[in-house]
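Please read the structure below before turning to the comments.
The values are calculated or read from the model by the stated rules, or taken from the named source; none is laboratory data. Since the model is a prediction, treat every value here as computed from it, not as a measurement. Heads up, the Cβs are rebuilt from the backbone with ideal geometry, glycines too, and the neighbour counts pull from every protein chain shown. Side chains included, ligands, DNA and RNA excluded: accessible areas come from the protein's heavy atoms. Shrake-Rupley method; radii C 1.70, N 1.55, O 1.52, S 1.80 Å.
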Amino acid sequence: MKAVIQCGGMGTRLRPFTSVLPKPLMPIGARPVLELLLKWLRRNGIEEVYITTGYLGHLIRSVCGDGSQWNLKIKYTQEMEPLGTIGPLSLIRDELNDTFVVLNGDVLTDLSLSRFVTAHRMHKDPVTIATACRLIKMDFGVIDEVDNAVQLFREKPTLSHLVSMGIYCMNPDVLRFIPSGIPFGFDDLMLQMMQGGTTVHVYKHDGLWLDIGRVDDFQNAQAIAWEEQSTSIEVAAAAA
């Protein structure tokens, strides 16, 4: 199976650090995020990886090379203009001829890819989204109203939401929805698919997941001992 890692973003949430370093190369301990992500893919049986690059892409190429240091085969694409969060797939549409995994270059997780892919293959639809539950603390009083009359008031509540982990399992037929040469986001893809009556599935993960683009998650990741074995990661995460 092939994996596509999206690394073309500018990492604005981590500025000023990402002014000189692309977000996937931000350090977690002594290792860049992207190296930890590549090792996780290799542990999960992935051997062929495409890395989509744009902003400071030459630095990513310099660090990762051809992937042989991790027993991987890495190929790259370069965006001349930003193509959005899912548009870069149009650059390699001819290479994606079987079920493949797409993930953001700033995620760390102990998700089992084999279970995720197995769940995806249980249906015939093009996309399954890996999801996690996140608690979000509101900074405002939240009002529920009907006809301008308050029905419920909650002072700075903590809300629970099912959110995308930035990891997707896809079939090649999803590529027909993705145009070439123009910015196209994952939200655009979801809108087109659902408007056309295509079902999009979710896979609920209750383990470790960090979005390194968020300052809190970036800091939390520093406290975890990112060992080579996924079981070690799970133990460390539970203790953190």
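I'm trying to understand the selection: among the residues of the range 178-198, which are open to solvent by 30 Å² or more (accessible area, probe 1.4 Å) and either in a helix (DSSP H, G or I) or at positive phi (or both)?
GLY181, ASP187, ASP188, LEU191, GLN192, MET194, GLN195, GLY197
Looking at (1) at pLDDT below 95; (2) open to solvent by less than 80 Å² (accessible area, probe 1.4 Å), which one does TYR50 not meet, given that it meets all the others?
Failing condition for TYR50: (1).
Report whether or not ASP106 is among the charged types (D, E, K, R), modelled with pLDDT under 95 and either open to solvent by 20 Å² or more (accessible area, probe 1.4 Å) or more than 25 Å from VAL215 (Cα to Cα) (or both).
So ASP106 fails the test.
Being open to solvent by 10 Å² or more (accessible area, probe 1.4 Å) and at pLDDT 95 or above is the requirement here; does THR85 meet it?
Against the criterion (open to solvent by 10 Å² or more (accessible area, probe 1.4 Å) and at pLDDT 95 or above), THR85 does not qualify.
Which pairs have Cβ atoms under 8 Å, sit 6 or more apart or on different chains, and link a residue in the range 199-222 that is outside any strand (DSSP E or B) to one that is among the hydrophobic types (A, V, I, L, M, F, W, C) and open to solvent by 70 Å² or more (accessible area, probe 1.4 Å)?
Correct list of pairs: VAL200/MET194; ASP206/CYS133; ASN220/ALA240.
Tell me which strands (runs of 3 or more DSSP E) are completely within the range 136-176 and hold 1 or more residues being of a type in the set (Ser, Thr, Tyr), or say none if there are none.
Result: 158-170.
Go through the range 75-94 and report how many residues are under 23 Å from VAL63 (Cβ atoms) and part of a loop (DSSP other than H, G, I, E, B).
Matching residues across the range 75-94 total 5.
Restricting attention to the range 53-71, report how many residues are open to solvent by less than 10 Å² (accessible area, probe 1.4 Å) and not in a strand (DSSP E or B).
4
Just to be sure before I move on: is LEU152 exposed (fewer than 13 other Cβ atoms within 10 Å of the Cβ) and free of Cβ contacts under 8 Å to residues at least 40 places away in the same chain in the structure I sent?
yes
What about ASP98, is it under 14 Å from TYR203 (Cα atoms), surrounded by fewer than 17 Cβ atoms within 10 Å (Cβ to Cβ), of a type outside the set (S, T, N, Q) and touching a strand residue (DSSP E or B) at 6+ places or on another chain (Cβ under 8 Å)?
So ASP98 fails the test.
Can you tell me how many residues in the range 130-144 are out of contact with any Gly (no Cβ under 9 Å at 6 or more places or on another chain), within 20 Å of LEU208 (Cβ to Cβ) and surrounded by 10 or more Cβ atoms within 10 Å (Cβ to Cβ)?
So the count comes out to 4.
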